[in-house]
Amino acid sequence: MAVHVPLRKADFGAPEINRYQGFAVNVIGEHLLAMHITLRVAELLESFSTEIPSTSAERFLNRFEELFHIAGGSINPEVFDTSLDAVSPFRRVASICENDIFKVRQYLVRFPFRKNETDYEGGLAGFLDFLVPLAREIKNLEEMPNVPLFVMLDDADNLPVPLQRVINSWVSTRSAGDVCLKVTTQLAYATMRTLDNRMIESPHDYAEVNLSAVYTARHDSYNGRVKQIVAKRLQNAGISASVD
């Protein structure tokens, strides 16, 4: 089970997020990250939901809703255009996450226009209290391999520094038995500090690989790698032609 989560500037580098400082940006930003990851997971599970028994899918939905409510999230039934019976459990989870992302972004965008400060009343899902137990539920899905959830966070240097600290805190928990994190960055990644100002260190907390050194330092290695990729894509597409 692997999901790709691009961390585009449009999502997390927007001015409305950078406006916040301290605890607020940490917890709201972590919630947004958790919702983006869960949205991608739900969409992936939906893509092959016919292979997963309905009872197992419903159990996943119930666990998600339980964790979401514990985190302070609220579910609006008007999100769905059709009856709940017509919406698959995974599609329902994806819709809830997508709707919640919209609500949080609207809160952040509209906050400067309020005359009186309004408390944030949305969800505050985290890593150990939301993503990890949800990943354990994924491991228990019938007809699915009992393996950790693999999450690739792409372009993490686009995150503001407080959210980079959130990612580092996730790494420091060493929860690879349930969630494996792969974080790709340019050399502009600003900090290796966690939220409580601890330093994550290689190789104790993570392993670091410079992809440029692996694939582009030697022309013959890079050329061979590209040839293997193209050959596999041709094979998967049923095209009987040479790479050349």
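Pairs of Cα atoms under 8 Å, at least six residues apart: use those to get the relative contact order of segment 108-244, whole percent. Each step should come with its number before you reach the end.
Details: 115 pairs, mean separation 23.8, N = 137.
RCO, segment 108-244: 17 percent.
Charges were assigned to the Cβ only: +1 to each Lys and Arg, -1 to each Asp and Glu. The resulting dipole of segment 133-244 about its Cα centre is roughly 200 debye.
Give me the percent relative contact order of the chain, please, defined on Cα pairs under 8 angstrom at least 6 residues apart. List each step's numbers first, then the result.
Numbers: 283 pairs, mean separation 59.3, N = 244.
Normalised by residue count, the contact order of the chain is 24 percent.
Each 5 Å bin from 0 upward holds the following percent of the Cα-Cα pairs of the chain: 1, 6, 11, 15, 16, 15, 13, 10, 7, 4, 2, 1, 0, 0.
Antiparallel versus total DSSP beta bridges in the chain: what percent is that, nearest 5? Don't skip to the answer; put the middle values down first.
Numbers: 1 of 11 bridges.
Around 10 percent of the beta bridges assigned by DSSP in the chain are antiparallel ones.
Per residue, the convex hull spanned by the Cα atoms of segment 82-208 measures out at 161 cubic angstrom. Here's the picture: charge each Lys and Arg Cβ at +1 and each Asp and Glu Cβ at -1 in the chain, and of Pro15, Ala188, Phe150 the one pushed furthest to the positive end of that dipole is Ala188. Cross-link reach is defined here as a Cα-Cα straight distance under 25 Å, omitting same-chain residues fewer than 8 places apart; for Lys9 the lysines meeting it are Lys103, Lys182. The sum of -39500 (n - 2.57) across all DSSP H runs of n ≥ 4, divided by the residue count of the chain, sets its helix-only mean residue ellipticity at 222 nm to -15000 deg cm²/dmol. Rounded, prolate or oblate for segment 136-244? Axes are the square roots of the Cα gyration tensor eigenvalues, ordered a ≥ b ≥ c, and the cut-off for rounded is a/c under 1.5. Because a/c hits 1.5 or more and a/b fails to exceed b/c, segment 136-244 counts as oblate.
Sequence-distant contacts, meaning Cα pairs under 8 Å at least 6 residues apart, place the relative contact order of segment 151-196 at 60 percent.
For the peptides 179-190, 89-100, the ranking by packing is 89-100, 179-190, with the highest mean count of neighbouring Cβ atoms within 10 Å listed first. For the chain, the share of accessible area belonging to carbon and sulfur comes to 50 percent (1.4 Å probe, ligands and nucleic acids excluded).
Rounded to the nearest 20 Debye, what is the dipole magnitude of the chain about its Cα centre when Lys and Arg each give +1 and Asp and Glu each give -1 at the C-beta? Kindly include the intermediate steps, with their values, before the conclusion.
Values: 25 positive and 31 negative charges, 152 e Å.
Dipole about the Cα centre, nearest 20: 740 debye.
The values are calculated or read from the model by the stated rules, or taken from the named source; none is laboratory data. For clarity, every value in this text was computed on a predicted model and none was experimentally measured. Every residue, glycine as well, gets a Cβ built from its backbone with ideal geometry; the counts of neighbours run over all protein chains shown. These area figures cover heavy atoms from the full protein model, side chains too; ligands, DNA and RNA do not enter into them. Shrake-Rupley method; radii C 1.70, N 1.55, O 1.52, S 1.80 Å.
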